[in-house]
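*Asks:* Shown below is the structure under consideration.
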Amino acid sequence: MSFYVTTPIYYVNAAPHLGHAYTTIAADVMARHMRQRGEDVFFLTGTDEHGEPVAQAAEREGVTPQELADRNAERFQALMPRLEASNDFFIRTSDPRHEKRVQEVLTAVYEAGHVYKGVYEGWYCPRCADFKTEAEAGPDHTCPIHGIPLDWEREENWFFRLSTFQEPLEKLLAEDSDFVQPRERRNEARAFVAQGLQDISLTRARLRWGIPVPWDEGQVFYVWFDALLNYYTALAFARDGHDATPEFWPASYHLIGKDILKFHTIFWPAMLMAAGIELPEHVFVHGFLLGGDGRKMSKSLGNVLDPFQVIDELGTDALRFYLLRDVAFGEDGATSMDAVRSRYETELANELGNLASRTTNMVRRYRDGQVPEVELDAALAADFAGLSGRVGELVGRASLTAALEEIWQRVRRLNRYVEEQAPWQLAKDPERAADLDRALASLAEGVRVVGLHLLAYMPSAMSRLLEAMGERGQELRDFGAGGGGGSVQQLEPLFPKR
Ligand SMILES: [Zn+2]
């Protein structure tokens with residue numbers, strides 16, 4: 001089985017911030033989890049480099065757009081290892097191989113009769129690189145996202161017959177469909193289609209920084225179509241020497257923020273239908289991370305959570321854990337540095353970190369570091385039953401917070417188990433050696449299983465834990481399904497107190 005997950009490609013003019021980190025981490029958790037399940041995984045991220053804002057910024061700085069894009073793309077490439085993202089490729093839309101493929105796909109759309117010449121007039125946000133309908137525009141024709149005044153633009157360009165796809169899109173977004181998740185977002189897309197679809201502008205006449213339209217050299221493709229196609233084009237050249245499209249297309253999951261819903265749930269599938277390309281399986285739309293005051297993050301409000309501050313202070317694992325733990329993935333939620341510190345102390349250091357050090361210490365102290373090979377505690381086994389299936393099912397539909405909660409319930413169960421069994425008491429009574437064996441073996445097994453399931457969320461700390469616990473593989477498995485026994489090494493604190 002193959003699994004292909006993508007993040008949006010990030011606009012190269014922006015500075016990397018929490019929103020970029022969020023989607024990237026979520027996609028990475030899915031990719032890592034699927035690899036642990038033995039799936040053939042492809043995880044794609046990258047940068048969106050064309051369009052007016054890049055051309056304008058380059059002009060201001062007196063460099064070419066390509067030079068600006070090269071410089072800014074590096075900041076996003078550097079972000080990936082800091083987040084411990086395991087992306088298989090990083091696409092840049094100024095890559096000539098992408099450009100060639102975009103021209104091929106859109107020429108097919110043109111030749112199929114879905115493109116015609118017309119005049120476009122409308123309210124346009126240069127930062128979104130998008131026209132806004134009257135309904136979408138903010139007060140006094142401002143951009144609802146950027147708050148800046150919209151420009152009234154008029155130009156002759158090529159149009160895509162989006163209206164042709166009214167019915168196919170209604171079907172795609174129908175009540176029983178899981179193409180768009182969660183359901184509220186699907187309903188939003190449906191409502192947009194229900195208004196009646198207007199044809200949309202596919203090209204730009206005024207702009208030079210874009211991919212040339214093969215049948216009209218005076219125009220370039222609208223940056224959004226060039227960008228959306230990255231999900232498809234990348235597979236053709238991401239793996240040296242062969243075209244991986246047959247292995248990985250259609251994509252399993254596109255993860256996106258709700259601000260780009262219209263492009264991904266309406267324009268994108270319509271474009272693929274027009275080109276005769278199979279549709280992706282799912283688009284998962286996550287919410288917005290808000291400031292601690294529940295308002296949109298902004299520098300002027302001083303409520304911005306800086307992912308790099310979290311990484312510097314508490315580590316990448318803490319950032320990854322926090323973002324998928326504190327805000328239900330798919331919903332909006334408040335975030336703050338105080339909340340990060342609090343989760344770190346109470347859950348990572350006290351619950352998981354202490355459990356790990358107590359377990360390794362007790363096996364070392366009472367059994368010379370050898371996990372006893374005995375039958376495991378049946379009651380504990382019952383509380384772990386079906387964990388890997390349940391977590392797999394949840395991660396498989398991008399319910400990353402719910403999956404994490406399933407795992408965390410077992411972390412708490414193991415802490416209760418330590419208190420119930422009180423191995424330090426059992427160790428005082430030689431007649432209870434068998435009970436102590438069973439308690440330590442069960443605890444060690446529980447910690448291994450929890451570590452395996454948390455590995456996708458916190459790759460560094462959990463690798464250290466699994467190594468200390470003598471767990472050799474990374475395959476997900478259920479409690480009691482491992483070989484048992486084995487030796488345990490000393491473990492430095494996983495989440496040291498700050
Ligand atoms: Zn805007």
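*Asks:* How about the range 103-114: which of its residues are more than 16 Å from TRP224 (Cα to Cα) and hydrophobic (A, V, I, L, M, F, W, C)?
*Replies:* If the condition is that a residue be more than 16 Å from TRP224 (Cα to Cα) and hydrophobic (A, V, I, L, M, F, W, C), then ALA108, ALA112 are the ones that fit.
*Asks:* Let me ask you something else. When you scan the range 65-159 for strands (runs of 3 or more DSSP E) that lie fully inside it, which ones turn up with 1 or more residues that are open to solvent by 70 Å² or more (accessible area, probe 1.4 Å)?
*Replies:* 115-125
*Asks:* Might you let me know whether the range 55-67 holds any residue that is away from the ligand (no atom under 16 Å from the Cβ), of a type in the set (D, E, K, R), at pLDDT 95 or above and in contact with a Pro (Cβ under 7 Å, 6 or more places away or on another chain)?
*Replies:* Looking through the range 55-67, none of the residues is away from the ligand (no atom under 16 Å from the Cβ), of a type in the set (D, E, K, R), at pLDDT 95 or above and in contact with a Pro (Cβ under 7 Å, 6 or more places away or on another chain).
*Asks:* Are there any helices (runs of 4 or more DSSP H) wholly within the range 231-345 with 3 or more residues that are modelled with pLDDT of 95 or more and of a type in the set (A, V, I, L, M), and if so which?
*Replies:* Result: 268-275, 307-314, 316-326, 337-343.
*Asks:* From the residues in the range 46-67 that are free of Cβ contacts under 8 Å to residues at least 24 places away in the same chain and of a type outside the set (Gly, Ala, Ser), which one is nearest to THR233 (Cα to Cα)?
*Replies:* GLU67
*Asks:* On to the next question. Select from the range 403-435 the residues that are in a loop (DSSP other than H, G, I, E, B) and under 15 Å from ARG358 (Cα atoms) and list them in ascending order.
*Replies:* If the condition is that a residue be in a loop (DSSP other than H, G, I, E, B) and under 15 Å from ARG358 (Cα atoms), then ALA422, ALA427 are the ones that fit.
*Asks:* Scanning for something under 22 Å from ASN350 (Cα atoms) and either open to solvent by less than 40 Å² (accessible area, probe 1.4 Å) or aromatic (Phe, Trp, Tyr) (or both), does the range 290-303 turn up at least one residue?
*Replies:* Checked the range 290-303: no residue is under 22 Å from ASN350 (Cα atoms) and either open to solvent by less than 40 Å² (accessible area, probe 1.4 Å) or aromatic (Phe, Trp, Tyr) (or both).
*Asks:* Same structure, new question: For the range 367-425, name all the residues that are of a type in the set (D, E, K, R) and in contact with a His (Cβ under 9 Å, 6 or more places away or on another chain).
*Replies:* Passing the criteria: ARG397, GLU406, ARG410.
*Asks:* For the range 75-114, name all the residues that are under 23 Å from the mean Cα position of the chain (by Cα) and among the aliphatic types (A, V, I, L, M).
*Replies:* Of everything in the range 75-114, those that are under 23 Å from the mean Cα position of the chain (by Cα) and among the aliphatic types (A, V, I, L, M) turn out to be ALA78, LEU79, MET80, LEU83, ALA85, ILE91.
*Asks:* How many residues does the range 390-434 contain that are touching a residue at least 12 places away in the same chain (Cβ under 8 Å) and over 15 Å from TYR457 (Cα atoms)?
*Replies:* Of the residues in that region, 15 qualify.
*Asks:* Among PHE321, PHE308, PHE384, PHE329, which is within 22 Å of the chain's Cα centre (by Cα), in contact (Cβ under 8 Å) with a residue 24 or more places away in the chain and under 30 Å from GLY485 (Cα atoms)?
*Replies:* Exactly one residue qualifies, and that residue is PHE321.
*Asks:* Let me ask another. Looking only at the range 456-481, which residues are open to solvent by 10 Å² or more (accessible area, probe 1.4 Å), assigned to a loop (DSSP other than H, G, I, E, B) and in contact (Cβ under 8 Å) with a residue 24 or more places away in the chain?
*Replies:* Across the range 456-481, the qualifying residues are GLY470, GLN474, GLU475, LEU476, ARG477, ASP478, PHE479, GLY480.
*Asks:* Mind checking whether some residue in the range 36-51 is more than 30 Å from LEU319 (Cα to Cα) and either open to solvent by less than 30 Å² (accessible area, probe 1.4 Å) or charged (D, E, K, R) (or both)?
*Replies:* Scanning the range 36-51, I find at least one residue that is more than 30 Å from LEU319 (Cα to Cα) and either open to solvent by less than 30 Å² (accessible area, probe 1.4 Å) or charged (D, E, K, R) (or both), so the answer is yes.
*Asks:* How many residues are surrounded by fewer than 21 Cβ atoms within 10 Å (Cβ to Cβ) and either without any contact (Cβ under 8 Å) to a residue 40 or more places away in the chain or within 28 Å of the chain's Cα centre (by Cα) (or both) if we restrict to the range 347-360?
*Replies:* 4
*Asks:* Look at the range 122-167 and say how many of its residues are near the ligand (Cβ under 10 Å from one of its atoms) and touching a helix residue (DSSP H, G or I) at 6+ places or on another chain (Cβ under 8 Å).
*Replies:* The number of residues fulfilling the criteria is 5.
The values are calculated or read from the model by the stated rules, or taken from the named source; none is laboratory data. The shown structure was predicted, so the numbers you read here are calculated from the model rather than taken from an experiment. Quick reminder, even Gly has a Cβ in these numbers, built from the backbone with ideal geometry, and neighbours come from all protein chains shown. Surface areas here come from the heavy atoms of the whole protein model, side chains and all, with no ligands, DNA or RNA. Shrake-Rupley method; radii C 1.70, N 1.55, O 1.52, S 1.80 Å.
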